[in-house]
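Right, one structure below, let's go through it.
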Amino acid sequence: AEEFEVFELAQRELHERRGGKWAGRDFLEWEPIHSHLLGHDGARSFVAEETGQIVGFTAAWAREDVWFLSALFVLPQRQGGGIGKRLLELAWGEGYSRRVTITEALQPGSTASYARRGLVPTTPILRFEGQPRSAEPGLLEPAPRDPDALRLLDRAAYGFDRSLDHALW
């Protein structure tokens, strides 16, 4: 819950400073994802504390030879003092052939910090809004989930197996 509060405060300050509005996130949606990260990749997750209060945190996961920076947030009033840099150093680890992350374009400071470590934005992520709808295809039939097919799909889409994460998603 304290990490979620840091996340919310950092996001709100960033969006408002850039002239936007932070819509906020739902803790009940955020918590299972973060708990999954801590449960399976806790060795790559760290917090920074001052006088017993969490002032920053990071979370990263690794699947095979791929390392992904999932979260790095520092309280707005504590940013710029090296906390984020130290958290990233702790989570970094060794032996990964690919390192990736996702960052919003309105975070030039974070993007620059990540780029200094070799995390360079390469693929845009698009957000679609509206009401999804589809026409019922007549040729498809429901089938039971096939773990082998999911592994093959992971390998084709990501280049690695994400079976560990399927139960979460």
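The values are calculated or read from the model by the stated rules, or taken from the named source; none is laboratory data. This is a predicted model, so every value here is computed, not measured. Note: ideal-geometry Cβ built from the backbone for every residue, glycine included; neighbour counts use all protein chains shown. Just so you know, the surface numbers come from the protein's heavy atoms only, side chains and all, with ligands and any DNA or RNA stripped out. Shrake-Rupley method; radii C 1.70, N 1.55, O 1.52, S 1.80 Å.
Output the residue which, of all residues in the range 30-42 that are open to solvent by 60 Å² or more (accessible area, probe 1.4 Å) and in contact (Cβ under 8 Å) with a residue 24 or more places away in the chain, is farthest from R78 (Cα to Cα). Quick ask: steps written out before the conclusion?
Residues of the range 30-42 open to solvent by 60 Å² or more (accessible area, probe 1.4 Å): 31, 33, 38-40.
This time we only want the ones that are in contact (Cβ under 8 Å) with a residue 24 or more places away in the chain, so: 31, 33, 40.
On the way: E31: 23, I33: 25, H40: 28 Å.
In this case the residue turns out to be H40.
Just to be sure before I move on: is T111 assigned to a helix (DSSP H, G or I), modelled with pLDDT under 90, of a type in the set (V, I, T) and surrounded by 15 or more Cβ atoms within 10 Å (Cβ to Cβ) in the structure I sent?
Working: assigned to a helix (DSSP H, G or I): yes; modelled with pLDDT under 90: yes; of a type in the set (V, I, T): yes; surrounded by 15 or more Cβ atoms within 10 Å (Cβ to Cβ): yes.
In short, yes.
Going by what's in this entry, would R25 be described as of a type outside the set (A, V, I, L, M, F, W, C), open to solvent by 40 Å² or more (accessible area, probe 1.4 Å) and either free of Cβ contacts under 8 Å to residues at least 12 places away in the same chain or under 30 Å from R155 (Cα atoms) (or both)? Please lay out each step first, then the result.
Working: of a type outside the set (A, V, I, L, M, F, W, C): yes; open to solvent by 40 Å² or more (accessible area, probe 1.4 Å): yes; either free of Cβ contacts under 8 Å to residues at least 12 places away in the same chain or under 30 Å from R155 (Cα atoms) (or both): no.
For R25, the condition - of a type outside the set (A, V, I, L, M, F, W, C), open to solvent by 40 Å² or more (accessible area, probe 1.4 Å) and either free of Cβ contacts under 8 Å to residues at least 12 places away in the same chain or under 30 Å from R155 (Cα atoms) (or both) - is not met.
Please determine whether any residue of the range 2-21 is loosely packed, with under 15 Cβ neighbours inside 10 Å and touching a His at 6+ places or on another chain (Cβ under 7 Å). Even if it seems obvious, please write down each step before you answer.
At the first step, the residues of the range 2-21 found to be loosely packed, with under 15 Cβ neighbours inside 10 Å are 2, 5, 16-21.
Checking which are touching a His at 6+ places or on another chain (Cβ under 7 Å) leaves us with 21.
For the range 2-21, residues loosely packed, with under 15 Cβ neighbours inside 10 Å and touching a His at 6+ places or on another chain (Cβ under 7 Å): present.
Condition test on R25, is it within 29 Å of G118 (Cβ to Cβ), at pLDDT 95 or above and among the basic types (K, R)? Talk me through it step by step, then tell me what you get.
Working: within 29 Å of G118 (Cβ to Cβ): yes; at pLDDT 95 or above: no; among the basic types (K, R): yes.
Considered against the rule, which asks whether it is within 29 Å of G118 (Cβ to Cβ), at pLDDT 95 or above and among the basic types (K, R), R25 comes out as no.
If you go through the range 56-70 one residue at a time, how many are in contact (Cβ under 8 Å) with a residue 40 or more places away in the chain, surrounded by 20 or more Cβ atoms within 10 Å (Cβ to Cβ) and aliphatic (A, V, I, L, M)?
Summing the residues that are in contact (Cβ under 8 Å) with a residue 40 or more places away in the chain, surrounded by 20 or more Cβ atoms within 10 Å (Cβ to Cβ) and aliphatic (A, V, I, L, M) in the range 56-70 gives 1.
I need a count of the residues in the range 68-108 that are closer than 12 Å to T58 by Cβ and in a loop (DSSP other than H, G, I, E, B).
Looking only at that region, the number is 1.
Limited to the range 124-169, what total is found for residues that are assigned to a loop (DSSP other than H, G, I, E, B) and either on the phi > 0 side of the Ramachandran plot or surrounded by 10 or more Cβ atoms within 10 Å (Cβ to Cβ) (or both)?
So in the range 124-169, the residues assigned to a loop (DSSP other than H, G, I, E, B) come out as 124-146, 159-162, 167-169.
Now restrict to residues that are either on the phi > 0 side of the Ramachandran plot or surrounded by 10 or more Cβ atoms within 10 Å (Cβ to Cβ) (or both): 130, 146, 159-162, 168.
Number of matching residues: 7.
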